[in-house]
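All remarks here apply to the structure that follows.
The values are calculated or read from the model by the stated rules, or taken from the named source; none is laboratory data. Small disclaimer: the values here were computed from a predicted structure and weren't measured. Positions of Cβ are generated from backbone atoms using ideal geometry, with glycine treated the same way; all protein chains shown enter the neighbour counts. Side chains included, ligands, DNA and RNA excluded: accessible areas come from the protein's heavy atoms. Shrake-Rupley method; radii C 1.70, N 1.55, O 1.52, S 1.80 Å.
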Amino acid sequence: MKKKDLYILMLEDDPLDAELNKEQLFVLEEYNCIIEVVCNKESYHYALDNSKPDIILCDYNLPDYTGLEALHDLKQRSTLIPFIFVTGAMIEETAADAIKAGAWDYVVKDRLFRLPLAIRSALELKKEKELSAYAEEKANLLLMAIEQTSAQIIVTDKDGNIEYVNKKYSEVTGLSFDEVIGRKADFIMPTDIHNNNRVPDFERLMKGETIRGEVLNKDKNGKEYWEIVSITPIRNSQGIITNFVGVKEDITIRKKMELDIIEARDKAERSDKLKDAFLQNMSHEIRTPLNAIVGFSTLLSEPENIGVKAIIDYTKIINKSSNQLLRIVSDVLTVASIQTGQETIDSKSVDLFELLDSLYEVFLPDAENKKIELRYHRSSKKAPVIITDEFKVKQVLSNLLNNAIKFTHLGYVELGHSIKENQLEFFVKDTGIGIAANYQELIFESFRQVNPSIHIEYGGTGLGLTISKSFAQMLNGSIRVESELQVGSTFYFTIPYVQKETDEHAEKKLVLSLNKTPLHILIAEDEYFNYALLEAFFKDSNVIIYHAKNGLEAYNFCIENPKIDIVLMDIKMPIMDGLKAFKEIKKIRNSLPIIALTAYALDSDRRSLLEMGFSEYIAKPVSHKNIIEKINKTLKTPDK
Ligand code: ADP
């Protein structure tokens, strides 16, 4: 076997001593000793800088350079080269100084036989020192890596008491090293594990397996974050578990993205379901009244087979069904109009009590039919006149009253208002079925009903509250509900309270009769039934009706007949439409009032017709009251 080279640097000024030393070294049979003897500082430094001695033997007393200086100069370069003093005599203090200065050993010359032993044990020690320096270096590297990693690291003893946490752990949890050391790792257990009883699988852990999981945790201030956790047991060389290491990584951002995706998917699914339910409901809602209208109209077409009472009953049913149908169509159109931004606010003076009175009158019969009380108290004080969009306020309150009566079977529905600072708050309270807390926001979304059974029992499209909320927002107001299941609901609708300065409005109360006699009215309408209905409205009034079946006839009538006081003009007509006829008539008779009567019922239609110069606008289907009110209003302000 080839012997290992052992390079020995000897600093010795006396050649005889050097030879004596060398003689001893032959004992080191296991090595191939290569010995270099240097005798002064320069040659010693040269050797240190240019070769790598495995060991240095140094005389303690040199002429111009001491052994301690030689030791000091070596330590500047390396601490891992064994340095042994070989010297004539060494008193104890000197020996102690030498060891303190970093000498590995010393051999006195009269016991030179110890030299090989000293060399062997120095080489052993060197090996150990090298190993521990290596281990220390690696441990430092590991520690640096653990301190600088982006994961949180926790080490506990076998009982779960924390022994170490890295910097990242403190950063994420807000808990400092000192706050956690020695505490049970339980207290940093993810909340999910505690709350949901998802106890980590300690049995598997004790068997030596690593356990993993994603959990929601809380930092020191209670802020939640998601993390992926893995806990691994650490075994000693005998295979006994001595510690556990936990590695945790913050995955809040990823988790949030995942949750967002799931939420978006659920929302899309919900919206699909809602659309399906809407189509089904809508089809049902439209077909039900249509069925009644078509069925009973057919029966009415053979009046000879049914009695007068049946005719009256059937007519009532047709009437009711038509109104129902009208409400649905108008709701859908209103939603479309809101969505396309065509709804605008038309503010004017509104007598608050008149508005509430009219709502009370409209809804009283419905409440009476269901044998529930409709409560409405108004103060005896003079009614405030406010500036707002009367149509929209009425529509919101109508929706609320309609729902309140619909969903109440016993007790009462109350309509009221209060004025707080600059806010006018209406309320509609009922003692009906109530709404569960988790639906109290959702019911304001389009097509939303509390659940499918609501539709089966009560019908409806789920649009009323959507429209109400949009209108409330357009009026710079708000709408909210307080409700308790089986106890009842109160809807609050708030708008800014803008009061009119003078109370001239009260003077303008409309009288439901015509007082100009006889009044000559031209009705321009191509549909005979529509004309017949209007004619029937005026049956008991002192008016003379003329009928034009298109715009051209209307124009000719107005030119040839100066007695005409007012024109009710349909817009869509053959030969000449209502708009053209309006323009032609105005060229000749500019002051003749012309009221537009049309099935173009959107808010934008109304605005554009009024802007063109029509005195009033009436959307079809027209009601008796509406037409009389509008005619009276037009005749009172002839210069409009
Ligand atoms: P619709 O009444 O046509 O279904 P809405 O938008 O007006 O549509 O109402 C949505 C849902 O809100 C109703 O289907 C019902 O489930 C619930 N809701 C509204 N008002 C009340 C009320 N006063 N009492 C109980 N539930 C109500």
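If you restrict to DSSP beta bridges whose two residues both lie in the chain, what percentage is antiparallel, to the nearest 5? Within the chain, antiparallel bridges account for around 55 percent of the total. Can you compute log10 of I(q)/I(0) for the chain with the Debye formula, treating each Cα as one identical point scatterer, at q = 0.05, 0.07, 0.10, 0.11 Å⁻¹? For the chain at q = 0.05, 0.07, 0.10, 0.11 Å⁻¹, log10 I(q)/I(0) is -0.53, -0.71, -1.06, -1.14. Taking every lysine pair in region 547-604 that is 8 or more places apart or spans two chains, those with Cα atoms closer than 15 Å amount to 4. Sorting 298-310, 534-546 by their mean Cβ neighbour count within 10 Å, with the most densely packed peptide first, gives 534-546, 298-310. Taking a straight Cα-Cα cut-off under 28 Å and skipping sequence neighbours fewer than 8 places away in the same chain, the lysines within cross-link reach of K370 are K309, K316, K320, K392, K394, K406, K429, K469, K625. Projecting the Cα atoms of F444, L359, Y7 onto the charge dipole of the chain (Cβ charges, centred on the Cα centre) puts L359 farthest toward the positive pole.
Scoring 520-528, 39-47, 168-176 by mean Cβ neighbours within 10 Å over their residues and listing the highest first yields 520-528, 168-176, 39-47. Against the chain, whose longest principal axis is taken from its Cα atoms, helix 92-101 shows a tilt of about 30°.
Bridgeable lysines around K4 (alpha carbons under 24 Å apart, same-chain partners fewer than 8 residues away excluded): K22, K52, K126, K127, K129. Under a model in which nothing but the beta-carbon of Lys, Arg (+1) and Asp, Glu (-1) is charged, region 354-420 shows a dipole of about 220 debye around its Cα centre. Sequentially through region 145-150, phi angles give Karplus couplings (6.51, -1.76, 1.60; θ = phi - 60°) of 4, 5, 5, 9, 5, 7 Hz, Gly and Pro residues having no value and appearing as x. Pairs of lysine residues in region 233-287 that meet both criteria, 8 or more places apart or on different chains and Cα atoms under 29 Å apart, total 7.
Distances between placed amide hydrogens fall under 5 Å for V86 paired with C58, D59, Y60, V107, all partners being 5 or more residues away or on another chain.
Take every pair of alpha-carbon atoms less than 8 Å apart whose residues are at least six positions apart; their mean separation over the length of region 215-369 yields a relative contact order of 12 percent. Once the 1.4 Å probe is applied to the protein heavy atoms, the chain comes out at 57 Å² accessible per residue.
Region 1-65 and region 251-283 have Cα centres separated by 85 Å.
Centroid-to-centroid, using Cα positions, region 135-180 and region 289-314 are 87 Å apart. Region 540-610 and region 202-245 have Cα centres spaced 85 Å apart. Using a probe of 1.4 angstrom, how much of the accessible area of the chain is carbon and sulfur, in percent? Here it works out to 55 percent. Amide H to amide H distances under 5 Å link V38 with M10, L11, E12, where only residues 5 or more positions off or on other chains count and H is placed in the peptide plane. Using only side-chain charges placed at the Cβ, +1 for Lys and Arg and -1 for Asp and Glu, the dipole size of the chain relative to its Cα centre rounds to 3740 debye. The relative contact order of region 520-599 comes to 35 percent, based on Cα pairs under 8 Å that sit 6 or more residues apart. Each principal axis of the Cα cloud of region 32-85 was evaluated for its coordinate range; sorted largest first, these ranges are 30, 21, 19 Å. Contact order for the chain, expressed relative to its length and based on alpha carbon pairs under 8 Å spaced 6+ residues apart, stands at 6 percent.
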